[in-house]
Amino acid sequence: MLYTPAQAAEMLSVKESWLRRKAGRRAIPCTIIGKHLRFSLADLRGIADGGAQAVHPARGRPRSR
């Protein structure tokens, strides 16, 4: 099944404009059929996996309490 940008944005909890901009730059996985932008389940998983970031300790000097 393929999802429209609106459906994909809702599933990923992101703005549709962000999704379209990233797809236009080919910065995220997407499927283009003719002139239509669509997202497969594999595309959505790739986007979600790519957005996962490890938590790093804060940089700089420690705060005094």
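The values are calculated or read from the model by the stated rules, or taken from the named source; none is laboratory data. Since the model is a prediction, treat every value here as computed from it, not as a measurement. FYI the Cβ positions are ideal-geometry reconstructions off the backbone, even for glycines, and counts take in every protein chain you see. Each accessible area value is taken on the protein alone, full model and side chains, heavy atoms only, with ligands, DNA and RNA left out. Shrake-Rupley method; radii C 1.70, N 1.55, O 1.52, S 1.80 Å.
Among M1, M11, which is modelled with pLDDT of 95 or more, open to solvent by 80 Å² or more (accessible area, probe 1.4 Å) and hydrophobic (A, V, I, L, M, F, W, C)?
Exactly one residue qualifies, and that residue is M11.
Going by the conditions given, is E16 in contact with a helix residue (DSSP H, G or I) (Cβ under 7 Å, 6 or more places away or on another chain), at pLDDT 95 or above and acidic (D, E)?
Judged against the criteria, E16 is a match.
Name the pairs whose Cβ atoms lie under 8 Å apart, with the first residue in the stretch 8-35 and of a type outside the set (V, I, T), the second open to solvent by 80 Å² or more (accessible area, probe 1.4 Å), and 6 or more positions between them or separate chains?
A9/K15; A9/W18
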